[in-house]
Amino acid sequence: METKPSKFWAYVAVITGIFLMLSGIAAAVGYLGLPVILPFEDALSYELGNIAALYLGVFGGALAVYHGISSISGRVSSVFKLPSFYVFWIVLALVLGLGNLILNEDIVTDYLFPPLFVLGAALSTFAVLGWAFRRMDWPITWRQAALAFVCGSTLSVVVAIILEGILPYLAYLLIEPLGFMAESFADLGWGSSGFVERLFASPLIIVFLIFTAFQAPLPEEFAKALGIPLFGRLRITDERQAFAIGLASGAGFAILENMLYEGLYAGYNGWSWGGITLLRSIGSVLHPIGTGIIALGWFRMKSGGAGTLLKAYLLSVLLHTLWNGGFEPLVYLTGLDYYAGAGPSFSFYGETLNILLIGYLVLLSAGLWWLLRRIVNGLTPAVQADSSAAPGPGLEPALVTRRSLAVWAVACAAVIIPIGATLSPAWDAIQKVILGK
C-alpha cells in the first residue's frame, strides 16, 4: 500500500505565509508613508529595509499561502518554468543603468530606487535557476520550487543568523587557550596603515581563515539545506528533483544576502551599487549550487551512507569559504576607503588590490558556473534514464575530475599569488625588480 505524504508542512507553510504577508503589508505602509510622514536626510537606507521586508512578506508570503492551500486541497501543481537565462540578464542590464542614473542624479530616490534594488538582487539568481532547470527539462513543480524558495528565505535565514552568533564564540573558546598569540594580535595595529600587510604576513592569517569558515560558510550551508528533508523522500523521487529543490532553496537565501551587501553600497553612490551588484550577479551561482550539492548528497545518502552527505556538505563549505576569502577583504577595503578615506593611503596598492580581488572572484565564479554545468549535464533526463536502466557508480554525475580541479586550482593561484605578493613585505622588492624603483 502506497503511503501518502503528510500534509503537516503544508499547514505550516500557510501559517508562515500569513505571518509573512502581514509583515509585508506593514512594510508596504512604511515604504509608502515614511518619506512623507517622517522626512529626514538618510531615508534611503530605511526604505531599502522596508522594500526587502515587503518583498519577503508579500511575494514570499503569498507563495507560501497559495501553494500550502493547494497542497492541502490536493490540487495538482503545474511544472515550474522560467524565461530564458538571457532575458534575466538583459533586464538586469537595464536595471543597473536606471538604478545608477536614479542614485547619481537623485531622481526621487526614496521611491524609485528600492524596486530596482530588489530586481538587482534577484534577477541573476533567477537566471541561474532558469538555465539549470531548462537543461534538466524542468524537473520540479511550482509548488516544490515556491516552498523551497520561501524556506530558503525564512527558515534558513533565521537559523543562519542564530548559528552565526554562536559559532564564532565557540571558535573563540577553542583558540582562547592559545594565549601566547595575544601579543601578536596586539602587534598587528588594528585599523592602522599597513594593517593588511602585517595580517597577511603573520601566521595569524590561519586563525582568521578558520574564523571565516565558522563565521559564515559552516552555519549558512547547514541552514540553507534544512528545507530539503522537509519535503521527504516520497516527494523527491530522483536526483534531478533533489538538485533542483536545493537550487531553489539556495536562491531564496542568496537574494536576501544580495540585498544586505548591495544595500550597504547603495548609500555610497550609484556606481558603487552598480559595481557590487554586477559582481554579485556574476557570482550568483554560489548559494544555489552549494545547497544543490548538499541536496544531492542527502538524496544519495540512502545508498551511499552518511559519508556521502558529509562530503557534499564539506565541498559546499569549501566553495563558500573560497568566495568569502576574496569578497570579505574587498568589502573591508572599499568600506575603509569610504568611511575613513584610508584605502588609497595604504602604502602598497591604490586600486591594484581591489582589481586583483575582483579578478579572483570573477575567476572563481566562472569555475562555479562550470561546475554547475557539469552537474546539470550529468543529471539530464537521458543520463538519468541510462542510470535507471543500468545503475552503477560510474553513471553517477561526477562533481569534478582531478585534472579539471588541477586546472582550476592553477588558474586561481595565478590570481591569488599576486594578491599575496601585493600584501606581503616583499612588494617593495618586487617593484624594484620589475619597475626599477
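The values are calculated or read from the model by the stated rules, or taken from the named source; none is laboratory data. All of these numbers come straight from a predicted model, not from anything done at the bench. Cβ placement follows ideal geometry from the backbone for every residue including glycine, while neighbour counts extend to all protein chains displayed.
Based on what the data block shows, is Arg134 over 23 Å from Gly61 (Cα atoms) and charged (D, E, K, R)?
yes
Would you mention how many residues in segment 1-29 are at pLDDT below 85 and polar (S, T, N, Q)?
Counting residues in segment 1-29 that are at pLDDT below 85 and polar (S, T, N, Q) gives 2.
Would you mind stating whether Tyr55 is modelled with pLDDT under 80, of a type outside the set (Asp, Glu) and crowded, with 21+ Cβ neighbours inside 10 Å?
no
Scan segment 265-285 for residues that are under 16 Å from the mean Cα position of the chain (by Cα) and of a type outside the set (Val, Ile, Thr) and jot them down. Quick ask: steps written out before the conclusion?
Of all residues in segment 265-285, those under 16 Å from the mean Cα position of the chain (by Cα) come to 276-285.
Leu278, Leu279, Arg280, Ser281, Gly283, Ser284 - these are the residues of segment 265-285 that are under 16 Å from the mean Cα position of the chain (by Cα) and of a type outside the set (Val, Ile, Thr).
Please verify whether segment 68-82 includes one or more residues that are over 20 Å from Ala10 (Cβ atoms), touching a helix residue (DSSP H, G or I) at 6+ places or on another chain (Cβ under 8 Å) and buried (at least 23 other Cβ atoms within 10 Å of the Cβ).
no
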